Amino acid sequence: MNTQVLLIIVLGSLFASFLIAALIGKPLIGYLHRMNFGQQILSYVPEHAGKANTPTMGGFMFIISITVTVIAVNLIWVRPLDIQAFTVLALSLCYGLIGFIDDSTKIRKKENAGLTSGQKFALQLVLALIFLTVLHRGGYLLPSFYIPFFNVSLDLPWLVYVVVAAFILVGCNNAVNLTDGIDGLAAGVTLPVSIFFLAVGVVSNNLPVVVFSAALAGGLAGFLIFNFNPAKVFMGDTGSLFLGGAVAGLAFACDMPIVLVLVGLIYVVETLSDIIQVAYYKKTKKPVLDENGNPVRDKNGNIRMEGKRIFKKAPIHHHFQVSGWSEKKIVFVFGGITILMCILAYIGVMPRY
């Protein structure tokens, strides 16, 4: 495909998705308000108490814009159409559906607890296995992991590969979900990641990746108009699980899932900070004693147990928030780190092309 047509596809996908998200933003927020789809705030995060009842499920803003753009652009420009053109979109939409069920359950119960972690994991794992099988059967995915900078691939038996790959998909999905903790953070971090995959799609002449990545970048830019601090709407699990599926799906569509460690460094750090915090707290847990050295009991008569913490609060964006950083500063710093890591990752994968 010549450069001029490719440029039209990139800019067309990006701006179409941006305009759709920006134009449906206000009507969608108004609808969510009327339906009382407000976010319930965890007591664990009292600093966010003022955000209670801010509309959630705003992720539909970029989900709609990306879906419409990807389908339209592929039908108009990408010939011949193949299964890869819509596989990443289908995975993202299915993960978004899990998020929608979770958000709906929270709203119905009027608390910040939807699907159980076991239910989420089972659904995510099944979808991951289906996605990997479809790509493999279509000839777009080999059972090997490309190693950036070294320009080599680690070949594995299919069964071993699919187990590792499925957990990478599910892990990435949950990591992006965990990053969505303050205004604009998940979208602000994922925007440069989408541009990285857009660049990889261009140099590898992978049109389905180009179209999806450009639409993803445009949709997120449009969403940030309403989600940047102070947020008028939250993406909810509907949006964050869609984004997790999109990022992981693009990595596998480009056949380079290991690159997620670089471009998704913030996702990784967010997840590790939470795991470390919980593990250390449980390891150091012991009875709370009163001034006389006797165990303190709660209203049900159970002995109160407390442990030590490494971070002031986890995930790590809350640690910086409690330390006095503004939400805007956290987003700019984390976004800046992601941009640098995406540049580094791009250098690392270029020998492949």
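The values are calculated or read from the model by the stated rules, or taken from the named source; none is laboratory data. In this text, all values refer to a predicted model and were calculated from it rather than measured experimentally. No Cβ is skipped: glycine too gets one built from the backbone with ideal geometry, and neighbour counts run over all protein chains shown. Note: areas computed on protein heavy atoms with side chains; ligands, DNA, RNA excluded. Shrake-Rupley method; radii C 1.70, N 1.55, O 1.52, S 1.80 Å.
Return yes when VAL268 is open to solvent by 40 Å² or more (accessible area, probe 1.4 Å) and either basic (Lys, Arg) or in contact (Cβ under 8 Å) with a residue 24 or more places away in the chain (or both) and no when it is not.
yes
Could you tell me which numbered condition ILE225 fails, if it satisfies all but one of (1) surrounded by fewer than 24 Cβ atoms within 10 Å (Cβ to Cβ); (2) under 26 Å from LEU75 (Cβ atoms)?
Of the numbered conditions (1) surrounded by fewer than 24 Cβ atoms within 10 Å (Cβ to Cβ); (2) under 26 Å from LEU75 (Cβ atoms), the odd one out for ILE225 is (2).
If you go through the stretch 223-236 one residue at a time, do you hit one that is assigned to a helix (DSSP H, G or I), more than 15 Å from the chain's Cα centre (by Cα) and of a type in the set (Gly, Ala, Ser)?
Taking every residue of the stretch 223-236 in turn, none turns out to be assigned to a helix (DSSP H, G or I), more than 15 Å from the chain's Cα centre (by Cα) and of a type in the set (Gly, Ala, Ser).
Pick out the one residue from LEU32, LEU23 that is more than 19 Å from LEU93 (Cα to Cα), at pLDDT 90 or above and open to solvent by less than 20 Å² (accessible area, probe 1.4 Å).
LEU32
What number of residues within the stretch 250-276 are small (Gly, Ala, Ser), at pLDDT 95 or above and either within 18 Å of ILE147 (Cα to Cα) or touching a Lys or Arg at 6+ places or on another chain (Cβ under 8 Å) (or both)?
Number satisfying all stated conditions: 2.
For the stretch 35-63, how many residues meet the condition of being modelled with pLDDT under 80, open to solvent by 40 Å² or more (accessible area, probe 1.4 Å), not in a helix (DSSP H, G or I) and not small (Gly, Ala, Ser)? Don't jump to the end; show me each part of the working.
Narrowing the stretch 35-63 to residues modelled with pLDDT under 80: 37-53.
Subset that is open to solvent by 40 Å² or more (accessible area, probe 1.4 Å): 37, 40-44, 46-47, 49-50, 52-53.
With the extra rule that they be not in a helix (DSSP H, G or I), the set shrinks to 37, 40-44, 52-53.
Then keep just the ones that are not small (Gly, Ala, Ser); that gives 37, 40-42, 44, 53.
So the count comes out to 6.
Take VAL247 and tell me if it is touching a strand residue (DSSP E or B) at 6+ places or on another chain (Cβ under 9 Å), surrounded by 13 or more Cβ atoms within 10 Å (Cβ to Cβ) and part of a helix (DSSP H, G or I).
no
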